[in-house]
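Accompanying notes for the structure given below.
The values are calculated or read from the model by the stated rules, or taken from the named source; none is laboratory data. Given the structure is predicted, the values throughout are model-derived calculations rather than measurements. Counting neighbours? That spans all protein chains shown, and the Cβs are built from the backbone with ideal geometry, glycine included. Just the protein is used for accessible areas: all its heavy atoms, side chains included, with ligands, DNA and RNA removed. Shrake-Rupley method; radii C 1.70, N 1.55, O 1.52, S 1.80 Å.
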Amino acid sequence: MKPSYSAAFLALLGTGLLTQCEKSSDRAATTKAPSTVAAVAKTAPAAVKSDLPLKKIEVTANDQMKFSVTQLEAGPGQPLEVTFRNAGTMPKASMGHNWVLLIKGADPDKLAENAFTAAGNDYIPPDMEDQVITRTKILGPGESETLTFNAPSEPGDYVFYCSFPGHLGIGMKGLLTIK
Ligand SMILES: [Cu+2]
């Protein structure tokens, strides 16, 4: 592991911790050493310039554990505004949903394997946050959250999924294709 990579990772982790500490004081206890992070291709988080127009996307999830959209497309670096809404009626504790976009090459099964240890972090293992491009919180019935970000600059398929335990296995995942 190169020093520059370690520093970048720790900076990333630190940023996440600062943000999350406001929500969960026990989060630090669940944080693991960076060495447990799975080896995946890293996408540079550097800002992307794009002349493409803002693309607004709406995704809903329901009590049947389905996303309304499972195929999304965008141009390299295109500004995106993703509004995710839980259109279900069941309680958040038993049927919460979120929308998590992963970096290229990340395996959602790996994140899902350890989801149950990360309830205080929206079921994202804290030591795997570096595989997340952007995500909403776990949302209860009727709640929504809007994410504004630039699409990845590298063409290819990027997995999005719901990190609530069990939902990935039921099929709560899709692809954002950059081309
Ligand atoms: Cu879900």
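Shape verdict for segment 37-179, please, from the Cα gyration tensor: rounded (a/c under 1.5), prolate (a/b greater than b/c) or oblate. Walk me through the intermediate numbers first.
Values: a/c = 1.97, a/b = 1.29, b/c = 1.52.
Cα axes put segment 37-179 in the oblate bin.
Where Lys and Arg each count +1 and Asp and Glu each count -1, what net charge lies around Glu73 among other residues with Cβ under 14 Å from its Cβ?
So the surrounding residues net to +2.
Sequence gap at least 6, Cα distance under 8 Å: using those rules, report the relative contact order of segment 76-179 to the nearest whole percent.
41 percent
Just to verify a number: what accessible area does Leu139 come out at with the full protein assembly present, 1.4 Å probe, Å² rounded to tens?
Approximately 10 Å² of Leu139 is accessible to the 1.4 Å probe.
Beyond a 20 Å Cα-Cα separation, which of these cross-linked pairs lie in this structure: Lys56/Lys179; Lys137/Lys179; Lys56/Lys92; Lys110/Lys173; Lys137/Lys173; Lys56/Lys110?
The pairs that break the limit, which is 20 Å between Cα atoms, are Lys137/Lys179; Lys56/Lys92; Lys56/Lys110.
Rank these by accessible area, largest first, 1.4 Å probe: Asp157, Asp107.
Asp157, Asp107
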